[in-house]
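**Student:** One structure, pasted below without further comment.
The values are calculated or read from the model by the stated rules, or taken from the named source; none is laboratory data. Since the structure is predicted, the reported quantities are computational estimates derived from the model, not experimental observations. Every residue, glycine among them, receives a Cβ derived from its backbone with ideal geometry; neighbour counts consider all protein chains shown. For the accessible areas, the whole protein counts, side chains as well, though only heavy atoms, and no ligand, DNA or RNA atoms are used. Shrake-Rupley method; radii C 1.70, N 1.55, O 1.52, S 1.80 Å.
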Amino acid sequence: MFETHFSFEEILEQNERRIHYQINQLHIRDVNQEYYSEGLVALWNAYKTYKPDKGPMATYFNYTIRNRLIDQLRKERRRLDVQEFYLLNYKSDYCNGNHQRNNSCNNLAIRRDAADLVEDNVFWEQLKANLTANQWKWIYFHIMDGMTLTDIAIQENTTLEAVKSWGKQVRKKLRNEAFRKKVQWKI
């Protein structure tokens, strides 16, 4: 460890501008002084670990402060990326734009994957003619409108299991070759 006759307060007073310089060089907006605090910690570490035989103290301070700030920028960027990833997944899973239960989903584009696949009204009419009323409700509310099965059950005053059963029956019919021919749908 380097023995110096300067206290850290004196070193800080002489080198505080280095922290501001590095923050400006990296184009960091430091509104809450978080990066300045990181720079202070870096300066303290550099002060404690400086070895005179390795080079000038000023160079070591600049190097340590700059690298600490870059590390902090990378951590913040990773944190924001993860936060954005989970936020987008939340919005796409729970706020699909077709029905909104709260105001946290207002700025999301409407996502109607299944309904956009087939915009042919003739197809839907043929399909409706070959399904029971409850099966059609499942298609209309769940596939076309994007409602959850629980919401459909509440709306139709039935059980969740009944709504799931309607969906199973529809999928089974759609897999049936004769049914596909009846509604003129080729896979």
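**Student:** Any residue that is at pLDDT 85 or above, among the aliphatic types (A, V, I, L, M) and open to solvent by 70 Å² or more (accessible area, probe 1.4 Å) - is there at least one of those in region 140-149?
**Tutor:** no
**Student:** Another question about this same structure. Just need a number here: residues in region 47-73 that are under 18 Å from F8 (Cβ atoms) and of a type in the set (A, V, I, L, M).
**Tutor:** Number of matching residues: 3.
**Student:** Looking at region 24-35, can you tell me whether even one residue there is in contact with a Phe, Trp or Tyr (Cβ under 6 Å, 6 or more places away or on another chain), over 30 Å from G146 (Cβ atoms) and either surrounded by 13 or more Cβ atoms within 10 Å (Cβ to Cβ) or not hydroxyl-bearing (S, T, Y) (or both)?
**Tutor:** yes
**Student:** Can I ask one more? Among the residues of region 126-137, which ones are open to solvent by less than 40 Å² (accessible area, probe 1.4 Å) and closer than 10 Å to Q169 by Cα?
**Tutor:** Listed by number, the residues that qualify are L131, Q135.
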